[in-house]
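What follows is one structure encoded as structure tokens, with my remarks underneath.
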Amino acid sequence: MGTDAATGPKRVVARAPGRVNLIGEHTDYNDGFVLPMALPFATTIAFERSDDDMVELDSVGFDSTSFHLGADPTSVKSWAQYIAGVARFLAVDGLTVQGFSAKIDTNIPVGASLSSSAALEVATGFGLCGLAGVEPDPVYIARIGQRVENEIIGIQSGIMDQLISATGVDGAVVQIDCRTLETTPVSLPAASRVLILDTMTRRELADSEYDLRRQACERAAAAIGVPKLRDATMSDVAKLPEGTPEERVDKARAHHVVTENARVLETVAALAADDLERVGDAMNESHRSLSVDYEVSSPALDEMSAIARSHEACFGARMTGGGFAGSAVALVHADRADAVADAVAEVWESRHGVRPDIWAVDPSAGASVAPA
Ligand code: GLA
């Protein structure tokens, strides 16, 4: 990226979608495989370049705020840190970042495990490239977003959310190799439809749990003698020691990751073969593994997945995203999607007195930016 003065348009509109992950959970930071899709829900930001070094943010749903481009990104309002962090890292890399105003709007439910923060980062990255007259490189912008999570927000999350938001494909789920960052679109058979089932629970104190999972994986990989659990086999996992409580936990975590990577590959093969029953079985087994071995599910996620699974038109269901709260994902018969959604919502409402949000969604395009 050059360091010349901005040559882009004065106003751009950037758009970045949320995501749902069909399968491949807690594998990304182990250099493994994931199979997410970008959602029709997105964050849209209208940017206007200014002549000073101030950033003025106006967001539907959050208080407006402003900060100087030179400010430490961790010192600004919490929701603005995503934007300040992206602006900072792009500028450090040599992109011309001037002051700007940004009007932010989103229809991605916050806290529902649908990656609203990744969408905010990716939309900001695309928008600031657009203002500077630079074509955004989606993989680079995804990495910038991940750095903001890791270094500004303080969560050691992987690359999946930002990468699918930046590279999503209209009409396809995307297999991502999180080691090479190679992306491969995979079509969903026409007979199937994806449902997102929001338990309406929101996560608390989950960030430290996330980092603990990552540390357990790193210990297990070191004990096996491989760089990442991506490189481990089931027989490696079987040989891990289980003398201490920590060793037993690490072994269970490694068991999840190694089997989950295999389930992603199995799911891709089953989708290519139109074998939706096999896809559903892999999703169900993924949930069990996340719940029992990885311990990132919750009673609400277990229950929502089980209700969906018990419907005859459902192939399989599981929690999606980091876990502890938020949404489940189900694969259902396309022509029965609304019926499944209604039936699950009714059971949930009768038990909990709250009508959950359930959406039938199609895979959508990734982020974009255009002059306004
Ligand atoms: C969160 C993280 C991702 C990924 C998932 C779990 O969404 O941001 O990087 O680790 O959890 O698969």
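Read-outs: derived from the displayed coordinates by stated rules, not from any lab. Not measured: the values here are computed from a predicted model. Cβ coordinates were reconstructed from backbone atoms using ideal geometry, including for glycine residues, and neighbour counts include every protein chain displayed.
Observations on the structure shown:
- Secondary-structure-derived ellipticity at 222 nm for the chain, considering helices only, amounts to -12500 deg cm²/dmol, per-run term -39500 (n - 2.57) for DSSP H runs with n ≥ 4.
- Unit charges at the beta carbon, dipole of segment 187-361: most positive-side option, Ala328, Ala306, Ser289: Ser289
- Protection proxy ranking, peptides 277-284, 312-319, average beta carbon neighbours within 10 Å, highest first: 312-319, 277-284
- Around the amide H of Ser64, modelled in the peptide plane, lie the amide H atoms of Ser59, all under 5 Å away and 5 or more residues distant in sequence or on another chain.
- Cα gyration tensor category, rounded, prolate or oblate, for the chain with a/c compared to 1.5: prolate
- Here the relative contact order of the chain, from alpha carbon pairs under 8 Å that lie six or more residues apart, stands at 25 percent.
- Shape call, segment 187-361: gyration tensor on alpha carbons, a/c limit 1.5: oblate
- Amide H to amide H, with H built 1.01 Å from N, Ala42 comes under 5 Å of Gly18, Asn107, Ile108, counting only residues 5 or more places away or on other chains.
- Note: relative contact order over segment 27-145, using C-alpha pairs below 8 Å and six or more positions apart, is 32 percent.
- Amide H contacts of Gly133 (H built 1.01 Å from N, under 5 Å, at least 5 apart or other chain): Thr7, Gly8
- Pairs of Lys in the chain closer than 17 Å at Cα, counting only those 8 or more apart or on different chains: 5
- Applying a DSSP loop filter and a limit of 16 other Cβ atoms within 10 Å to the GluC sites (Glu not before Pro) in segment 205-252 leaves Glu242.
- C-alpha long axis of helix 337-352 to longest principal axis of the chain, angle in °: 80 degrees
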